[in-house]
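Reading through the structure tokens given below for one structure.
The values are calculated or read from the model by the stated rules, or taken from the named source; none is laboratory data. All figures in this text were calculated on a predicted structure; none of them were measured in a lab. So basically every Cβ, Gly included, is an ideal-geometry build from the backbone, and we count neighbours across all protein chains shown. What goes into the accessible areas is simple: the full protein's heavy atoms, side chains included, and nothing from ligands, DNA or RNA. Shrake-Rupley method; radii C 1.70, N 1.55, O 1.52, S 1.80 Å.
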Amino acid sequence: MTLTIPYIPFWSRVRKKFIGPFIVITLIVLYGYFASNNTFLFCGIIILGFSVTQAVISIVSAWTFVNEVKFTEDKIIIGGASINTHWHKEFEIRNSRIEITSEGRGGTKIGYYFTLSSPGQSVDINRTFNWNYTSLLTIFNEFKRLKGEKIIFDEKYFLDIMEKKANSQN
């Protein structure tokens, strides 16, 4: 079984992570400038400081991108890119673990991604929040099925939320 999403170039991933927060903070700082007549230099320094910080965060979070997950009988092969250099990593299912992690994405939006790890390597699937939840549920359930593990209570809680999100996307 192979699941894929379209490849997104590095600078497009950075731009996606950077633009939204940058615009929001810039508008808030400019509003503060016009509302209180602060010096423009002070507001410019705040915007510049936030921009540099947000740029670093955007680059680090967009560095690695996973766009393919392939299951074989005893392995899971992850395909992706670091910056724009493509790679494939193989994980033996019996020696690997999968964890669900949630991350706030502003407001009440919460995104979910998986960390697949084995001794010596790990990779995040959906760190850029480009996978649809139906595919993510398939990845998780197939991994657990092939490994022969039961889904624990904490995982079930996250899976139920992801299933609701998947149903609302359809």
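Keeping the other protein chains in place, figure out the carbon and sulfur percent of the accessible area of the chain, with a 1.4 Å probe.
Using a 1.4 Å probe with all protein chains present, the chain comes out at 60 percent carbon and sulfur.
Given a cut-off of 28 Å, what percent of all Cα-Cα pairs of the chain lie beyond it?
Every Cα pair in the chain considered, those over 28 Å come to 34 percent.
For Lys17, which aspartates and glutamates qualify as cross-link partners when the Cα separation must be under 18 Å and same-chain residues fewer than eight apart are set aside?
Hits, sequence-local ones excluded: Glu103, Asp124.
Please list, or write none, the lysines whose alpha carbon is within less than 21 Å of the alpha carbon of Lys75, excluding same-chain residues fewer than 8 places away.
Excluding near neighbours in sequence, the set is Lys89, Lys144, Lys147, Lys150.
Please compute the length gained on full extension between Val56 and Leu30, using 0.36 nm multiplied by the number of residues separating them and subtracting their Cα-Cα distance.
That pair, Val56 and Leu30, stretches by 7.1 nm at full extension.
Once the Cα atoms of helix 10-36 and of the chain are each reduced to a long axis, what angle between those two axes, in degrees from 0 to 90 to the nearest 10, is obtained?
Rounded to the nearest ten degrees, it is 30.
Sort the following peptides by mean Cβ neighbour count (other Cβ atoms within 10 Å, averaged over residues), highest first: 12-23, 80-91, 65-76.
For the peptides 12-23, 80-91, 65-76, the packing ranking is 65-76, 12-23, 80-91.
Let me check the size of segment 1-73 from its C-alpha atoms; what are the radius of gyration and Dmax in Å?
Radius of gyration, then largest Cα-Cα span, for segment 1-73: 18.3, 66 Å.
If each DSSP helix of 4+ residues adds -39,500 (n - 2.57) and the sum is divided by the residues in the chain, what number results at 222 nm, nearest 500 deg cm²/dmol?
-16500 deg cm²/dmol
How tilted is helix 133-147 with respect to the longest principal axis of the chain? Cα atoms for both, answer in degrees (0 to 90, nearest 10).
Between helix and principal axis, roughly 40 degrees.
May I ask you to evaluate 6.51 cos²θ - 1.76 cosθ + 1.60, the Karplus curve with θ = phi - 60°, for each residue of segment 43-48 and list the ³J(HN,Hα) values in order in whole Hz, giving x for glycine and proline?
For segment 43-48, the Karplus curve yields 5, x, 5, 5, 4, 4 Hz.
Can you find, among Gly79, Ile23, Thr134, the residue sitting farthest towards the positive end of the charge dipole of segment 1-145, where Lys and Arg contribute +1 and Asp and Glu -1 at Cβ?
Of Gly79, Ile23, Thr134, it is Ile23.
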